[in-house]
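Everything on this sheet refers to the single structure shown next.
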Amino acid sequence: MRLKNKTLTGVVQPLSYVDKMLRQQGFHRSGGDSMPTYDVVMYDSASSSAYFLRIPTNYTSTTTGKGELNVKLGHPYLEAKFYMNTASEEVFFIPKAVREAAEHKLAEIADYLSAPSAPS
């Protein structure tokens, strides 16, 4: 499920700053050196279900004054965390409380990362 967060989507910052900030917020980086994706597991105690909140990134052609690569944040999304042995895809309902918690987390991150001159 794609989440709408206009203040976070499209933000361009140095990779080291994005990486540090998101790790401090509990995110883990995956994807290696090509297009890193950051995700955090959100647990819903009411349904005993877990969900991934994911923020994809893309490298930009610009670099910082120090020659460091910048990344552009993509559209964040939520998906169910489950392991299936079947090839069929099913649509899973994501509870409103989980969606709201994810949106709150994204708003907090946007406050940090959308600053015009984040330290590198």
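The values are calculated or read from the model by the stated rules, or taken from the named source; none is laboratory data. Model, not experiment: these values are computed from the prediction. Cβ coordinates were reconstructed from backbone atoms using ideal geometry, including for glycine residues, and neighbour counts include every protein chain displayed. Just so you know, the surface numbers come from the protein's heavy atoms only, side chains and all, with ligands and any DNA or RNA stripped out. Shrake-Rupley method; radii C 1.70, N 1.55, O 1.52, S 1.80 Å.
Note on the stretch 1-36: residues that are aromatic (Phe, Trp, Tyr) and surrounded by fewer than 19 Cβ atoms within 10 Å (Cβ to Cβ) total 0. Just one of (1) outside any strand (DSSP E or B); (2) at pLDDT 85 or above; (3) touching a helix residue (DSSP H, G or I) at 6+ places or on another chain (Cβ under 6 Å); (4) of a type outside the set (Ser, Thr, Tyr) fails for Gln13. It is (1). The listed residues are Gly32, Gly26, and the only one of them that is in contact with a strand residue (DSSP E or B) (Cβ under 9 Å, 6 or more places away or on another chain), over 18 Å from His75 (Cα atoms) and assigned to a loop (DSSP other than H, G, I, E, B) turns out to be Gly26. For Asp39, the criteria (1) closer than 22 Å to Glu103 by Cβ; (2) open to solvent by 30 Å² or more (accessible area, probe 1.4 Å); (3) at pLDDT 90 or above hold in every case but one, which is (2).
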